Structures are given as structure tokens and as C-alpha cells.
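For reference, the structure discussed in these notes is given below.
The values are calculated or read from the model by the stated rules, or taken from the named source; none is laboratory data. What you are looking at is a predicted structure, and each value in this text was computed from that prediction instead of being measured. Glycine also receives a Cβ, built like all others from the backbone with ideal geometry; neighbour counts cover every protein chain displayed. To get the accessible areas, we keep the full protein, side chains included, count just its heavy atoms, and leave off ligands, DNA and RNA. Shrake-Rupley method; radii C 1.70, N 1.55, O 1.52, S 1.80 Å.
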Amino acid sequence: MDLVRKLGESAIKALFRLGRMGIFLAKAFAFSVTPPVKLSLLIKQIQFIGFQSISVIFLTGAFTGMVLGYQGFNTLSRFGSDAFLGPMVGLSLIKEMGPVISALMVTGRAGSSITAEIGIMRISEQIDALELMGLNPYRYLIVPRLLAAIVCLPLLTAIFDVIGIFGGYLIGVKMLGLSSGVYFGEMVSYVEMGDILEGLIKSLNFGVIIAWVCCFKGFHTGFYTGFGAEGVSKATTQAVVLSSVLILVWDYFLTSTRIFL
Amino acid sequence: MIKIENLYKSFDGLEVLRGVNLEVGKGRILALIGKSGCGKSVLLKHVAGLMKPDKGRVLVDGHDMCCLRGRDLFTLRNRLGFLFQSGALFDSMSIFDNVAFPLREKTKLRANEITDRVMNELEQVGLLGAEEKFPSQLSGGMVKRAAMARALAGDPEIMLFDEPTTGLDPLTGQTILDLIDSCHRRLKFTGIMVTHEVPKIFEVVDAVAMIDKGEILLEGTAEEILKSENSTVKAFVTGGRPRDIE
């Protein structure tokens, strides 16, 4: 009986937290579409989440493309289909790897920082101070980050894709001797606009997930993790882990159900 | 102005407030004293509407803080100032921007008017010259004074002070108390001050309430507190042990 009670308690707690997260997201969206939107804060967050992530996206995109170039060429050569290296690299990057890896990189670089910053503001009572000034903390802390993530993730994914395709080109064409015309020609033939849109819609979804989870964990630091430095550290770890897992789960869900795609 | 009725609050089964009743008249300051962890700050956060009680009411100017939501709550909070124990200054902003922030966001004042107002507030708290510094570059006393300038910038009708002198040396602590006193004379706000600074605080406040084990043990003027025969009150005021005093 004790075990059943404990299981029930855990289930109720989990549902309660899920509900809180849902309400948090709904509020964030509601304040995002009603004025005033703090433009200066939005620009600052676009600079932080987007611009400052370009270097890491550049690096990971290049190496992912180069690995795909090598592996793809070796695999396709076995079937005498190395001419299809371009479409293989292009489709892999545009539909799956670009959105997913970009989102994971942004989670690690910007998401963790978002949670830590908001978490420190929570434990040092800065969020309480904001509320007591009669100002809405969602408008100042959550909405700019949510909108910035929605704007930046598709752009970062597009950069990742382009750099990755050139990484594949470098290996396939410049090192392994495939014709440049074949690489790009086949890619143009097989990659359709729908594939590009699919990747961008996925990345937009992932932007929402990163901002939602990381802001929620920071905003509720202390409620679930304890106060103090340890609380912030736990919240940050939880935010990165949960965002990463949700990105992969949601990616599977989007791909398999083709909802939004 | 502020009326607390039968307030109960517990955290994870631990009762922190057990039927607190308290009243603060308009323009008066009440000091809330008591041992650390007895629920003073929790009570203050209920008055500010930052916490919701399990039972009871907190009436601020007739409005029940527990039931106010959205715009109504924000409107009432516009009349309220809160000095946090840690200062709670925004660490990404300079002292000038910290004080100017509520004015920029809540009023339609022009930039030069805001500058004049901020410089005036900083002068009142003796921080002229420190306006370009960041909170991390200031001492504890300066942080408290900057937080005070920010809280007072909106001309609040109600001021809540959470241990305004804790962690400060006696001289700086006295400076902060003098500052609160002069600001009270100037602005005539209604206030509640959570503090351990007895008997120093008695010069600044109009009434004192001692909270013990989640209940109001004694409420009265400073004189009544000093004359109290209750061993816990006596021990708190003189700094002795309750048993020794008995």
C-alpha cells in the first residue's frame, strides 16, 4: 500500500509540475503577442542567443558536414552511388542534423546561461523586486528570450546547413575527387523546398523548447531545487538535460507524425 | 492602512505563521522583532503580496492582497516600496540605471526629469558620485542606500523594510536608520520594518510587535516593550537568556 501511495504521490507531483510548465508557456506566449514588447531587451537577447552562437554553429556545422562527406562517400562507393553524396549530405543536414545539432549547441551555450542568469535573479530576490515595482517579470525576462530563440534558431540552423554542405563539399570534392558539378547538381535535383521548410519548422519548435525549459527552470529556481548556489547549479543541469531530451523526443514526434511539416 | 487578520502559513508541514493579527495605522512605522526564522520576513512578503497565506487575510488600504491579481495587484504595488535584506539591485545595471529603472518603465517622465529625480534621490542617500558604479563594486551599506533610493524613487505610500541594517557595522547601521527616519519625516509613508536592532530601532518606529513561534507575543509602544515582564521579550531586548531572566 505504501508503494502505491508513493507512486501516486510522485505521479501527482509530476502532473502538477507539467501543469505549471504548461501554464508558464501559455503565459509567455500570451505576453509575447500583446504589447508592449521590450524591443531593446529583444535585440539584446537576439545578440546573445543568435549572434554569439554563430562561431560554435560554424565549427560544429563544418565538422558535421565533413564527417558526413567521409562516411557518405565511403558508404555510397560500395554501391557505386557516390554521385549521390550531395543529396545525402544535403538532406541529412537540412532535415535532421542541422536543426537537432544546432538546437543542442544553443542549449549548451545559451540555454544554460539563461537558466543560471534567471536563477540568480530569483535567489537574489531581483525577480521579487521587479514584481514589487509593479512590473511584469514575464515581459522583461521571459518574452524577450522566447522571441529571440524563435527568431534565432531557424537562422542558426540555416547557417549550420550551409556550412555543413560546404564541409561535405570540401571532403567529397576537394579531397576524394568527386566532381563539383555532380555534388551540387544532384543536390539541387533531390533537395526540395519542402525539405528546407521541414528543417526550419523543426528548428523553430526547438527554439520554443529551449527558451521554455531554460526560462522555466531559472524562474522556478528554489521551488524544486533548493535555494543558493547549489539550487542554481541543479536548475541549470536540469534545464540542459530536459531541453536536450525534449528536443530529441519532439524531433522524433515531428518526423513520425509529420504534424506541422 | 495595513491590517493582518488571523494569518496562517506553513511550508512542507512546518507552521511558520499561526494566526497572526496586526494593524499599522496610516503614516506610522511598526517594527517587527523576533528570533531568526520566526516568520518575520514571511509575514512581510505576505503584505507585499509575494506569498499567499494558507488562511487569513492581509488588507492593504482595504484591498485583500491574497485575492488581488493581475492589473489590480500591479496597481497596488505601484504604491509600495520594499527594501530587501540583500538590496536586490539589478546586478547588470549601474546604480543610476537601477534607480532610474522604475521611473523609466512606469512613468512618462522625460529623460532629463528622470536624471534630476535620480540624482536627487542619490543625494538624499549620500550616493552622489557612485551613480556609474555597479552593485558588485559597492559596500554593503552603499548597496542598502542605493536600494533605498530605488524604493523611494516612486514616492511610495507604504514602505516595507526587511532587516535594513543586518550585516552592517554599527555606524553604517545607524546611518541607515537615520536615513529611514528622515525619509519617513519627508514622505510620511506607512511602514513595517523587520529588524533585530533593539533598542536602536525604538527611536525610529511608532510601535513594536514581537513575533514568537509564529504568533504575536506582544505589541505596543517602545516603552511598553522595554517595560514588559515577559521573559522572552526581556531576553530579546537585553540580549540575555530567557531562563536567566526568569
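So the values come out like this:
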{"read-out": "Count of the stretch B:27-47 residues which are over 15 Å from the mean Cα position of the chain (by Cα) and either modelled with pLDDT of 85 or more or among the basic types (Lys, Arg) (or both)", "value": "1"}
{"read-out": "Pairs, first more than 11 Å from chain B (Cβ to nearest Cβ) and within 13 Å of residue A:24 (Cβ to Cβ) in the stretch A:122-145, second among the polar types (S, T, N, Q) and surrounded by 20 or more Cβ atoms within 10 Å (Cβ to Cβ), C-beta under 9 Å, six or more apart", "value": "A:145/A:45"}
{"read-out": "Odd one out for residue B:173 among (1) more than 22 Å from residue B:45 (Cα to Cα); (2) crowded, with 22+ Cβ neighbours inside 10 Å", "value": "(2)"}
{"read-out": "All positions within the stretch B:59-88 that are at the interface with chain A (Cβ under 8 Å from one of its Cβ atoms) and basic (Lys, Arg)", "value": "B:77"}
{"read-out": "Criterion violated by residue A:78 - all others in (1) open to solvent by 60 Å² or more (accessible area, probe 1.4 Å); (2) under 25 Å from residue A:174 (Cβ atoms); (3) in contact (Cβ under 8 Å) with a residue 60 or more places away in the chain satisfied", "value": "(3)"}
{"read-out": "Residue count for the stretch B:182-206, restricted to those that are among the small types (Gly, Ala, Ser) and buried (at least 19 other Cβ atoms within 10 Å of the Cβ)", "value": "1"}
{"read-out": "Exclusive hit being in a helix (DSSP H, G or I), crowded, with 20+ Cβ neighbours inside 10 Å, out of contact with any Phe, Trp or Tyr (no Cβ under 8 Å at 6 or more places or on another chain) and at pLDDT 90 or above, set A:68, A:7, A:42", "value": "A:68"}
{"read-out": "Filter result for residue B:31 (under 23 Å from residue B:233 (Cβ atoms) and either of a type in the set (Gly, Ala, Ser) or surrounded by fewer than 19 Cβ atoms within 10 Å (Cβ to Cβ) (or both))", "value": "yes"}
{"read-out": "Some residue of the stretch B:59-70 being assigned to a helix (DSSP H, G or I) and under 23 Å from residue A:27 (Cα atoms)", "value": "yes"}
{"read-out": "Evaluation of residue B:136 against (1) of a type outside the set (A, V, I, L, M, F, W, C); (2) open to solvent by less than 80 Å² (accessible area, probe 1.4 Å); (3) over 22 Å from residue B:156 (Cα atoms); (4) part of a helix (DSSP H, G or I) (one fails), failing number", "value": "(2)"}
{"read-out": "2 or more residues of a type in the set (Gly, Ala, Ser) and surrounded by fewer than 20 Cβ atoms within 10 Å (Cβ to Cβ): qualifying helices (runs of 4 or more DSSP H) within the stretch A:97-211", "value": "A:112-123, A:180-190"}
{"read-out": "Members of the stretch B:89-129 that are open to solvent by less than 70 Å² (accessible area, probe 1.4 Å), at pLDDT below 90, part of a loop (DSSP other than H, G, I, E, B) and within 14 Å of chain A (Cβ to nearest Cβ)", "value": "B:107"}
{"read-out": "Which numbered condition residue B:38 misses (of (1) open to solvent by 40 Å² or more (accessible area, probe 1.4 Å); (2) away from chain A (no Cβ under 14 Å); (3) in contact (Cβ under 8 Å) with a residue 12 or more places away in the chain)", "value": "(1)"}
{"read-out": "Looking only at the stretch B:145-170, and only at residues there that are open to solvent by 10 Å² or more (accessible area, probe 1.4 Å) and under 17 Å from residue B:99 (Cβ atoms), the one that is modelled with the lowest pLDDT", "value": "B:154"}
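Yes/no matrix, rows are residues, columns are (1) open to solvent by 70 Å² or more (accessible area, probe 1.4 Å); (2) without any contact (Cβ under 8 Å) to a residue 24 or more places away in the chain; (3) of a type in the set (Val, Ile, Thr):
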site	(1), (2), (3)
B:43	no, no, no
B:47	no, no, yes
B:54	yes, no, no
B:74	no, yes, no
B:80	no, no, no
